[in-house]
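Read through the structure below, which is laid out as structure tokens, and then see the notes.
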Amino acid sequence: HEIALKIGQSRIIPATAEIYETNDLARLKTRWTRKPLPHDVSTRRQVGEAGYFIGYPQGRPGEVVGNLISRSRMLVRGRYTSDESVLAWAEIGRTNGLRGSLGGLSGAPVLDKDGEIIGVVTAENPRRGRIYSVAPRALLPFFETASVNAEPFSFKSYGLQADRLRRERRIAQVLCLVEESLVTP
């Protein structure tokens with residue numbers, strides 16, 4: 001499998017992944033650069049605060065907003081085993097026309113009302129309307145420099161803000177490319 005970023009309709013930029021075994025996280029590296037999104041991974045998040053999830057659910061541009069309902073632990077079994085801290089969010093809004101699962105939103109940034117990264121989407125429970133993100137402290141190793149200025153988000157403007165971030169290519173779709181093999185009869 002090869003990993004790449006999809007930029008626009010047809011541009012594909014190869015990437016490499018640095019896997020973090022202690023959390024459900026990976027850092028992608030490319031030769032392509034953009035100004036980083038601002039972050040605030042040191043402030044303690046408060047139950048009831050809003051989080052904005054921006055990415056490519058179902059392979060299409062989309063965004064969701066949720067309210068923080070709790071801090072929790074997530075036990076993951078499968079390709080690897082992990083017991084990690086997560087934040088649990090109750091979905092309160094989403095892109096018009098986006099129905100069903102948010103599959104494809106995993107790995108998307110979670111932004112706070114100040115427009116700063118506070119997490120990364122790790123899982124969902126569609127039946128309960130829940131989205132889970134890695135705890136902010138898990139992101140500390142990812143941010144080696146000070147944060148840059150942010151633009152505030154609100155329930156009324158998050159769709160426009162998300163579109164702007166995708167247009168500026170500061171949020172891009174991640175692809176997993178699989179080589180097709182020839183099968184002979």
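The values are calculated or read from the model by the stated rules, or taken from the named source; none is laboratory data. It should be emphasised that the depicted structure is a prediction, and the values quoted were computed from it without experimental measurement. Using ideal geometry, Cβ is built from the backbone for each residue, glycine included, and neighbour counts are taken over all protein chains shown. SASA here: full protein model, heavy atoms, side chains in, ligands and nucleic acids out. Shrake-Rupley method; radii C 1.70, N 1.55, O 1.52, S 1.80 Å.
Some observations on this one:
- Matching residues in the range 106-122 - criterion: being crowded, with 21+ Cβ neighbours inside 10 Å and in a loop (DSSP other than H, G, I, E, B): A108, D112, E116
- Looking only at the range 34-83, and only at residues there that are hydroxyl-bearing (S, T, Y) and not in a loop (DSSP other than H, G, I, E, B), the one that is modelled with the highest pLDDT: Y52
- Subset of the range 91-107 (residues that are within 15 Å of the chain's Cα centre (by Cα) and of a type in the set (A, V, I, L, M, F, W, C)): L102, L105
- Across the range 123-140, a minimum of one residue is classified as open to solvent by 60 Å² or more (accessible area, probe 1.4 Å), in a helix (DSSP H, G or I) and in contact (Cβ under 8 Å) with a residue 40 or more places away in the chain.
- For the range 127-168, residues that are out of contact with any strand residue (DSSP E or B) (no Cβ under 9 Å at 6 or more places or on another chain) and of a type outside the set (A, V, I, L, M, F, W, C) total 11.
- Among the residues of the range 31-61, the ones that are hydroxyl-bearing (S, T, Y) and open to solvent by 40 Å² or more (accessible area, probe 1.4 Å) come to 3 in all.
- Enumeration of residues in the range 14-30 that are crowded, with 18+ Cβ neighbours inside 10 Å and in contact with a helix residue (DSSP H, G or I) (Cβ under 7 Å, 6 or more places away or on another chain): N23, L25
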